[in-house]
1. Among the residues in the range A:396-412, are any at pLDDT 90 or above, surrounded by 16 or more Cβ atoms within 10 Å (Cβ to Cβ) and either part of a helix (DSSP H, G or I) or aromatic (F, W, Y) (or both)?
2. Being buried (at least 21 other Cβ atoms within 10 Å of the Cβ) and within 8 Å of chain B (Cβ to nearest Cβ) is the filter here; which residues of the range A:180-190 pass it?
3. If you take the residues in the range B:101-117 that are at the interface with chain A (Cβ under 7 Å from one of its Cβ atoms) and over 17 Å from the mean Cα position of the chain (by Cα), which one is surrounded by the most Cβ atoms within 10 Å (Cβ to Cβ)?
4. Which one of these does B:S35 not meet: (1) within 8 Å of another protein chain (Cβ to nearest Cβ); (2) farther than 30 Å from A:A186 by Cα?
5. Test A:D77 against the stated conditions and say whether it is among the charged types (D, E, K, R), part of a helix (DSSP H, G or I) and free of Cβ contacts under 8 Å to residues at least 24 places away in the same chain.
6. Would you confirm whether any residue within the range A:95-116 is outside any helix (DSSP H, G or I) and within 16 Å of A:F176 (Cβ to Cβ)?
7. Quick one: is B:I62 assigned to a helix (DSSP H, G or I), more than 9 Å from chain A (Cβ to nearest Cβ), hydrophobic (A, V, I, L, M, F, W, C) and more than 18 Å from A:V153 (Cβ to Cβ)?
8. For the condition within 20 Å of A:L144 (Cα to Cα), over 16 Å from the mean Cα position of the chain (by Cα), of a type outside the set (D, E) and loosely packed, with under 14 Cβ neighbours inside 10 Å, what is the one hit in B:T69, B:T78, B:T91?
Amino acid sequence: MHKEAAIREPLILGHKSYHDITVDVCKPIEDKAPRMWYILFGIALIIGLYGVGCIAYLLGTGIGVWGLNKTIGWAWDITNFVWWVGIGHAGTLISAVLLLFRQKWRMAINRSAEAMTIFAVFMAGMFPLIHMGRLWLGYWVLPLPNQFGSLWVNFNSPLLWDVFAISTYLSVSLVFWYIGLIPDFATIRDRAKTAVSKKMYSILSFGWSGRAKHWNRFELISLVLAGIATPLVFSVHSIVSFDFATSVIPGWHTTIFPPYFVCGAVFSGFAMVQTLMLVMRKAMRLEAYIHVRHVEYMNIVIMVTGSIVGVAYLTELFVSWYSGVEYEQYAFINRATGPYWWAYASMMTCNVISPQLMWFRKLRRSLIFTFIISIVVNIGMWFERYVIIVTSLHRDYLPSSWTMHFPSHIDIGVYIGTIGLFFVFFLLFARYFPVLALNEVKTILKSSGESYKNAPSHGHDDHGHSHENLNTNNQ
Amino acid sequence: MAEKVIYAMYDDDDVLKDGAKLLVAKGVKISDVFSPFPIHGIDPIIGIKNTRLGIVAFLFGITGLLLATYGMRFFMITDWPMNIGGKPNETYMDNMLAFIPVTFEFTVFCAAHGMAITYLLRNKTLPGMPALNPDPRTTDDKFVIELKLSENIQFSEEELNSMLKETGIIEIDQKEIN
């Protein structure tokens, strides 16, 4: 078994047994939902339904109800799309990349981070679909035989690459998530008291029995899926950035975009994970499994990716000057000092300065501070996309076409609505699904659980848990 | 045909692993182990071969790669060559760089889904399948070794029971399964 240094903080606090883990995770599902859950669910549902109403109005009336104009043909819609896709990057990164690196702390957070990913990608996918105006013709993005002289979709277009990237990402994440959920559903099924929940969870658990051969396959499929999901995560946001980078618009036409977007996505995704996780651990009493150490690890990721994003901003500025292209130079001067200076300033403050505070150990281990920064980062990342999209467009080549963008209330309604729907999904998930990967957390109990790590000896000395063994390893 | 099986229950994965080693050394054939999470290192002890699902994923991935290549060559080169800014579109190679993202995505799509579907079919875990674990606690914190009497004809039932009892079990049960 893998040995862990005694000085390393345990990942599972308290004296938990395998059974305790099961009980702790299943309890919120088996108990009645607390009143707070109903209140939050009600609020999220109302906001979500308002968003659905705005979308219905948009589809009925036309894209003109958005605040777009002749110069700015893309604004809040694509900003929100990129924002949600970015948030959707943390889940698969946590479960796939951290699995390949054998990071055990991922196990407490990967399930809910992946759920967050899937719901965020749902929200993201909605924007290009409603932007079509005629939602019911959405299937035209697929290369299907048709009556227009077999006119195919354009495989040279980054917008079509996006269709393939987002749908692959969504479906592969969904599969990855569900494969991991099956054994945990089996645990809930075998504990279920009422006939209805027994029936529901036995359907969801696909008849999982936990045979040795099945676990053998389970471990391999998790590893291989992680292996192929890792390049997928990086490819998806690279392709999203191609939507801009392959154009000739000054401010978009930049080769730095793919890595810069990927880092920004991980940055905002982890921030959203922090926001959700800090509330969830408290509300569902999972403090023993998701604690300061996990928060600190995630804050370090936020700090690193935030710094990379900061370097990318500065590189962009430098290269625009160094390129000697007048239009490129103007695009960046206009961003920083033009009428949208406030958006640029918010982006810089939220994304470059705030994560630097995480260098202080005290701050990155403070839960309240982390919660505030996580929200600040998400606001900053929304502004980043707004700055890239709107400020590059609003001053066209012809000064006679210069305009400003003012969002309509439908713009705002659709955006706020997706946040509501996202929380509707997430709250349902927290209520009916195991929010912690039960079977995975149990595998690290003996190597990273507090009671096992700090016990002087507990009867299985030959397996190397004793303190003496660990101390020898440290020297 | 009904078959007699013995289920021996443990409350620790390491105890089960040591017990299984001991039993196998004595020549007992263990037909299966049920556990709430993967017990690392149990597979070679009870003679379970490593899964070949990795090969399946590779084959599905290759299929996806070829399909995507063939499809895009047909759509963009053969059937309706699109003139985009006068860029060359005579052959697949002329245009290939633009096809790489979709080729990659489709390869991953086929590999992941093909592998996942094979996994569910091979495990016989599909919606509505019955759970076959001998005890509901095996998905919580208990670990069970399954012995089939027909596979251990050199031992009598009593011999098997007494050998199991030496390995630190907490419960023992006998059932007839089909």
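The values are calculated or read from the model by the stated rules, or taken from the named source; none is laboratory data. Predicted model only: the values in this text are computed from it and were never measured. So basically every Cβ, Gly included, is an ideal-geometry build from the backbone, and we count neighbours across all protein chains shown.
1. Within the range A:396-412, one or more residues are at pLDDT 90 or above, surrounded by 16 or more Cβ atoms within 10 Å (Cβ to Cβ) and either part of a helix (DSSP H, G or I) or aromatic (F, W, Y) (or both).
2. Taking the range A:180-190 first, the residues buried (at least 21 other Cβ atoms within 10 Å of the Cβ) are A:180-181, A:183-190.
Those that are buried (at least 21 other Cβ atoms within 10 Å of the Cβ) and within 8 Å of chain B (Cβ to nearest Cβ): A:P183, A:A186, A:T187, A:R189, A:D190.
3. B:E105
4. (2)
5. Details: among the charged types (D, E, K, R): yes; part of a helix (DSSP H, G or I): yes; free of Cβ contacts under 8 Å to residues at least 24 places away in the same chain: no.
Here the answer is no, as A:D77 does not meet what is asked.
6. Within the range A:95-116 (the criterion being outside any helix (DSSP H, G or I) and within 16 Å of A:F176 (Cβ to Cβ)), the answer is no, since none of the residues qualifies.
7. Details: assigned to a helix (DSSP H, G or I): yes; more than 9 Å from chain A (Cβ to nearest Cβ): yes; hydrophobic (A, V, I, L, M, F, W, C): yes; more than 18 Å from A:V153 (Cβ to Cβ): yes.
For B:I62, the condition - assigned to a helix (DSSP H, G or I), more than 9 Å from chain A (Cβ to nearest Cβ), hydrophobic (A, V, I, L, M, F, W, C) and more than 18 Å from A:V153 (Cβ to Cβ) - is met.
8. B:T78
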